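Read through the structure below, which is laid out as structure tokens, and then see the notes.
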Amino acid sequence: MARIAGVLYLIYIILTASSTFIPQNILAQEGLFRIRNAMELISTAFFLSTAWALYVLLKPVHNNLALLFVLLNLVGVAVESICVLIHYAALLPIHGDEYLKGLSREQLQSLSMMMLNINGNVVLVLFYGLWLFPLGYLVFKSGFLPKILGILLIADGVSLLICFFQLWFFPDYEKMTYPLYPIMFVAEFGLSL
């Protein structure tokens, strides 16, 4: 089960990282835009599958805490999926279906841009950070996974909560959280390995 969880998590990390390199330009590269959205939705399915596999692996340590991290993960996956669908809906005004004929081209483009600018990262970061606390604790207590990995996952959760507060209260100062990225990478890539 640990190997299955690791493979699922590694696929999630690769898909998520790969999708960030695809430009989100609807007008110039609609095909790439569709691929990016599909990759994001597929990656969320892998992330939820990872949480299930980790639940099966760690529920003998503490069933309720294992269930808690799955529920927190599920909320994050739901929010991310809704945001991807809203971004995908930005295609509707661009193609100008019959019911949109009363709007000018500028209004349609503005509507499309508004959909693209709806960003659930603030909410995502909160729930994706919170799930790491019970997960890190269970990894630490498991006895069959390295304790340092549990500590790193909890540090990753703290880092993501700091990112949440930065995004919520200081959205223009994203650079202040850049030093936390190595902690997040080491913890999550370490878990997948």
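The values are calculated or read from the model by the stated rules, or taken from the named source; none is laboratory data. In this text, all values refer to a predicted model and were calculated from it rather than measured experimentally. With ideal geometry, Cβ positions are generated from the backbone for all residues, glycine too; neighbour counts draw on all protein chains shown.
Tabulated values for the structure
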read-out: Evaluation of Tyr55 against (1) at pLDDT 95 or above; (2) within 19 Å of Ala90 (Cα to Cα) (one fails), failing number; value: (2)
read-out: Close pairs from region 60-88: first farther than 18 Å from Ala2 by Cα and in contact (Cβ under 8 Å) with a residue 40 or more places away in the chain, partner among the polar types (S, T, N, Q) and surrounded by fewer than 18 Cβ atoms within 10 Å (Cβ to Cβ), Cβ under 8 Å, at least 6 apart; value: Cys83/Asn119; His87/Gln24
read-out: Answer from Leu65, Leu27, Leu48 - the residue that is of a type outside the set (Ser, Thr, Tyr) and not in a helix (DSSP H, G or I); value: Leu27
read-out: Region 17-33 - residue that is among the aliphatic types (A, V, I, L, M) and at pLDDT 85 or above and, of those, farthest from Ile86 (Cα to Cα); value: Ala17
read-out: Helices (runs of 4 or more DSSP H) lying entirely in region 84-193 (those with 3 or more residues that are surrounded by fewer than 15 Cβ atoms within 10 Å (Cβ to Cβ) and at negative phi); value: 105-117, 147-169, 181-192
